[in-house]
């Protein structure tokens, strides 16, 4: 089989690499051409474009790079036609991938989507595009199956790839280091300077109230060390690490985490957390009107209840964050309940085995049968 896979971000590169390995297990002769990164290339994919060339975030950045984006779309279509794949596999990255899916469907190329765009949060209108252009949708969040069913579109739940990734990491860590945990509070303030500036100063102010704990910032790739040093220089119990987020979490007693996948990673490590979100007034007001979900953290969304405390916008204050951190460090009942909910969450996301193997098997079945 010949597969053309498109991932446009670092997380897609990780999940894509595992999918390539699983596809090659069942079909050693499989040929994979891909847009992604170093991990997908190392797994055996022939890399066409690196995701570093594709990562344009935010309205302004997209407008400024519109020519580049259009050029990438044209090149991608030409490259797919020359490669003649048996299937096109798209991994998240909806702004680009849904355009390619619509075009590929017109060209009668089989389109498989692995890791659905978050249409359940906003832009539900995109479901119409997905129904028309995607032949097989593989989802990694359990509630997505019911969401798509509501739209009369059947999808397949394969489990969440983070579960296997973190289990592998934890096994290696215990083998190399044994079980360790220190008086550490992990700070995960986000990946972009603007969001870091909105949340990290509040987290740092809270650190002053817990002098017996070390607060450690997980630095984002692409943000210079001096940026963090300038913000944290007046806080003696604060330091930072780069490229070591999992090492930090596995050693932490608690974490203050921005919304996003990091909330799920923290929960799967079993670390009590407080979820923090703060944006500009305008961004928040816009988001409040277009996002239609009860919670902002994946943990609470999947469990459909407030497992972790979410401090959003005006609620994210030093006083509120200090109170919540004290609870997850010292309230034994709160800690026990949260960890019990985490165990349930892990079971839900692990149903049926490893997501990558499940996805590869689902793709093989679909291509053999021509249907889901």
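What follows draws every value from the coordinates through simple rules; no lab data is involved. Everything quoted here is computed from the prediction, not taken from an experiment. Counting neighbours? That spans all protein chains shown, and the Cβs are built from the backbone with ideal geometry, glycine included.
Which ordering of 275, 48 is given by a fewest-first count of other beta-carbon atoms within 10 Å? Intermediate results must be reported in sequence, preceding the final value.
Details: 275 29, 48 17.
Starting with the residue having the fewest Cβ neighbours, the order is 48, 275.
Ranked by Cβ crowding within 10 angstrom, fewest neighbours first, how are 35, 120, 151 ordered?
On the way: 35 31, 120 20, 151 14.
Sorted ascending by nearby Cβ count, the order is 151, 120, 35.
From the square roots a ≥ b ≥ c of the eigenvalues of the alpha-carbon gyration tensor of segment 164-349, which class results: rounded (a/c under 1.5), prolate (a/b over b/c), or oblate? Could the numbers behind the result be given before it?
Values: a/c = 1.40, a/b = 1.07, b/c = 1.31.
Judged from the Cα gyration tensor, segment 164-349 comes out rounded (a/c under 1.5).
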(request) Using a cut-off of under 20 Å, list every residue of segment 235-275 whose amide N is near the label point 7 Å from the Cα of residue 205 along the Cα-to-beta-carbon line. (result) 235-239, 255-259, 274-275
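Using only helices, what value at 222 nm comes out for the chain when you add -39,500 (n - 2.57) per DSSP H run of length 4 or more and divide by the total residues, to the nearest 500 deg cm²/dmol?
Numbers: 17 runs with 193 residues, N = 372.
Counting only the DSSP helices, I get -16000 deg cm²/dmol.
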(message) Can you tell me, using C-alpha contacts under 8 Å and at least 6 residues apart, the relative contact order of the chain as a whole percent?
(response) 15 percent
(message) If I model a spin label at residue 107 and residue 52 as a point 7 Å from the Cα along the Cα→Cβ vector, what separation in nanometres do I get?
(response) 2.7 nm
(message) Bin width 10 Å, origin at 0, all Cα-Cα pairs of the chain: what percent of pairs per bin?
(response) 5, 22, 31, 26, 12, 3, 0
(message) Taking the Cα centroid of segment 99-162 and of segment 167-225, what is the distance between the two, rounded to the nearest whole Å?
(response) 34 Å
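What FRET efficiency would be calculated for the residue pair residue 350, residue 183, taking the C-beta separation as r and a Förster radius of 30 Å, to the nearest 0.05?
Values: r = 30 Å, r/R0 = 1.01.
Once rounded, the FRET efficiency stands at 0.50.
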(request) Would you order 76, 34, 276 from fewest to most other beta-carbon atoms within 10 Å of each residue's own beta-carbon? (result) 76, 34, 276
(message) Report for segment 164-349 the percent antiparallel among DSSP-assigned beta bridges with both residues inside it, nearest 5.
(response) 0 percent
(request) Express the Stokes-Einstein translational diffusion coefficient of segment 115-205 in µm² s⁻¹, to the nearest whole number, given a Kirkwood radius over alpha-carbon pairs, 4 °C and a viscosity of 1.567 mPa s. (result) 76 µm²/s
(message) For a quick check, take a GNM of the chain with Cα springs below 10 Å and name the residue from 352, 95, 45 with the largest mean-square fluctuation.
(response) 95
(message) Quick check: pseudo-label points 7 Å beyond the Cα along Cα→Cβ at residue 168 and residue 153, how many nm apart are they?
(response) 3.0 nm
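Suppose R0 equals 51 Å; then what is the FRET efficiency for residue 340 and residue 132 from their Cβ-Cβ distance, rounded to the nearest 0.05? Please report the intermediate quantities before stating the final value.
Values: r = 43 Å, r/R0 = 0.84.
Approximately 0.75, to the nearest 0.05.
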(request) Please give the helix 318-330 orientation as an angle from the longest Cα principal axis of the chain, in degrees from 0 to 90, rounded to the nearest 10. (result) 90 degrees
(message) Nearest 10 degrees is fine. How inclined is helix 161-177 to the longest principal axis of the chain, computing both from alpha carbons?
(response) 50 degrees
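Assuming R0 = 51 Å, can you tell me the calculated FRET efficiency for the pair residue 27 and residue 193, based on Cβ-Cβ distance, to the nearest 0.05? Each step should come with its number before you reach the end.
Details: r = 43 Å, r/R0 = 0.85.
Plugging the Cβ-Cβ distance into 1/(1 + (r/R0)^6) gives 0.75.
Shape of segment 8-151 from its Cα gyration tensor (a ≥ b ≥ c, root eigenvalues): rounded if a/c is under 1.5, otherwise prolate when a/b > b/c, or oblate? Present the calculation step by step, with values, prior to reporting the outcome.
Numbers: a/c = 1.40, a/b = 1.10, b/c = 1.27.
In terms of gyration-tensor shape, rounded.
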(request) Using only the Cα atoms of segment 202-258, build the gyration tensor, take square roots of its eigenvalues as a ≥ b ≥ c, and label the shape rounded, prolate or oblate: rounded if a/c is under 1.5, else prolate if a/b is larger than b/c, else oblate. (result) oblate
(request) Along Cα→Cβ, 7 Å out, is where each label goes; now give me the distance between the ones at residue 229 and residue 331 in nm to one decimal. (result) 3.9 nm
(message) As I understand it, the value is the acute angle between the Cα axis of helix 332-349 and the longest principal axis of the Cα atoms of the chain; what does it come to in degrees, rounded to 10?
(response) 10 degrees
(message) Connecting C-alpha atoms closer than 10 Å in a GNM of the chain, tell me which of 357, 254, 226 has the biggest fluctuation.
(response) 226
